[in-house]
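Each remark here refers to the structure printed beneath this line.
The values are calculated or read from the model by the stated rules, or taken from the named source; none is laboratory data. These numbers were taken from a predicted model, which means no experiment stands behind them. FYI the Cβ positions are ideal-geometry reconstructions off the backbone, even for glycines, and counts take in every protein chain you see. Accessible surface is based on the protein model in full, side chains and every heavy atom, while ligands, DNA and RNA are left aside. Shrake-Rupley method; radii C 1.70, N 1.55, O 1.52, S 1.80 Å.
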Amino acid sequence: MSFDVFKAFVLGVVEGLTEFLPVSSTGHLLLLERFFGFDDDQFGKTFVVLIQLGAILAILSIYFVRLWNIALGMFTDPAARRFVIGVLIAFLPAAIIGAAGHGFIKGVLFNAWVVCFTLIVGGAILLWVDSLDFKPRYHDATQFSLGMYLIIGLAQCLAMIPGVSRSGTTIVSGMLLGADKRSAAEFSFFLAIPTMAGAFAYDLYKNHSLLSADNVVLIAVGFVTSFVAGFLVVKMLLDYVTRHGFALFAWWRVIVGSLGLIGLALGY
């Protein structure tokens, strides 16, 4: 089955829905490729990176006014400047490790067995975190300490293992360091902007030769569906996790990981 509009639509929806949920978008996309034949076209491997731009723009559209005010105040407002520095501090570990280990990560860790195991382990961790009685000290993502930003950034590097979840590691590490659920999730959104943009730019540079005018429609379909799905998730996630926690996402991870292991064991 060649790469077509249907695949572009499905991958765009999955990318947008899972990118900001603690379930691992990369893990879900890899399992789709493995079990549903979405990896039979070399362009498909680049496509799943390109459509991340839709999810990035979803965040920017929702937080545009707030981000614009921070940008305007960066040179006059110490609080705004400190937050920008904090985001950069959190972003740098992933940028350095991602660039240095790109070949190993893509060549060794991008494996369906790895994804299934990490989905299950990550689900168990989310259930454990949900059971803890936190006493949050931070209720605003722009007010974390610089050391806290760095630790969250280091934790984000674990998400280079597919199935771990970038949003999951940043949200959980933020909560363990004293943030409430809402501000931890919100900072995960902010940190996603440079992290995903960097990954997008790097992969585009490495694989630009695979792009052609024939793929414009497919990219457009994936981009739009990724944007819409990502927009809806970001809009709803903050209120949901504040009220209900992470149990739903934890059990989803366990179920998908377990089904994946069964499928792999049966030779699919």
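Observations on the structure shown:
- ILE219 being over 27 Å from VAL114 (Cα atoms) and open to solvent by 30 Å² or more (accessible area, probe 1.4 Å): yes
- When the helices (runs of 4 or more DSSP H) confined to segment 17-121 are screened for residues that are within 27 Å of LEU259 (Cβ to Cβ), those reaching at least 3 such residues are found at 25-36, 42-50.
- Taking every residue in segment 73-91 that is within 15 Å of ILE193 (Cβ to Cβ) and pairing it with any residue that is part of a loop (DSSP other than H, G, I, E, B) and of a type outside the set (Asp, Glu), at least 6 positions away or on another chain, the pairs with Cβ-Cβ distances below 7 Å are VAL84/MET74; GLY86/PHE144.
Here's the yes/no breakdown for (1) hydrophobic (A, V, I, L, M, F, W, C); (2) open to solvent by less than 30 Å² (accessible area, probe 1.4 Å); (3) farther than 17 Å from LEU60 by Cα; (4) in contact (Cβ under 8 Å) with a residue 12 or more places away in the chain:
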| site | (1), (2), (3), (4) |
| --- | --- |
| ILE161 | yes, no, yes, yes |
| GLY168 | no, yes, yes, yes |
| SER173 | no, yes, yes, yes |
| ALA179 | yes, yes, yes, yes |
| PHE187 | yes, yes, no, yes |
| MET196 | yes, yes, no, yes |
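- Among residues of segment 141-152 that are more than 12 Å from ILE89 (Cα to Cα) and open to solvent by less than 40 Å² (accessible area, probe 1.4 Å), those with a Cβ under 6 angstrom from a residue that is among the hydrophobic types (A, V, I, L, M, F, W, C) and not in a loop (DSSP other than H, G, I, E, B), sequence gap 6+ or separate chain, pair up as ALA141/PHE187; THR142/PHE83.
Yes/no per residue for (1) farther than 23 Å from GLU15 by Cα; (2) in contact with a Gly (Cβ under 7 Å, 6 or more places away or on another chain); (3) of a type in the set (Asp, Glu):
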| position | (1), (2), (3) |
| --- | --- |
| PRO93 | yes, yes, no |
| GLY98 | no, no, no |
| ILE125 | no, no, no |
| ASP140 | yes, no, yes |
| LEU154 | yes, no, no |
| PRO162 | no, yes, no |
| LYS181 | no, no, no |
| PHE187 | no, yes, no |
| THR195 | no, no, no |
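- Residues that are among the small types (Gly, Ala, Ser) and under 18 Å from GLY86 (Cα atoms) number at least 3 in the following helices (runs of 4 or more DSSP H) confined to segment 133-244: 146-156, 166-176, 181-207.
- Summed over segment 121-131, residues that are touching a residue at least 24 places away in the same chain (Cβ under 8 Å) and farther than 16 Å from ALA159 by Cβ total 3.
- Taken over segment 70-97, the criterion of being open to solvent by 90 Å² or more (accessible area, probe 1.4 Å), over 18 Å from PHE144 (Cα atoms) and not β-branched (Val, Ile, Thr) is satisfied by LEU72, PHE75.
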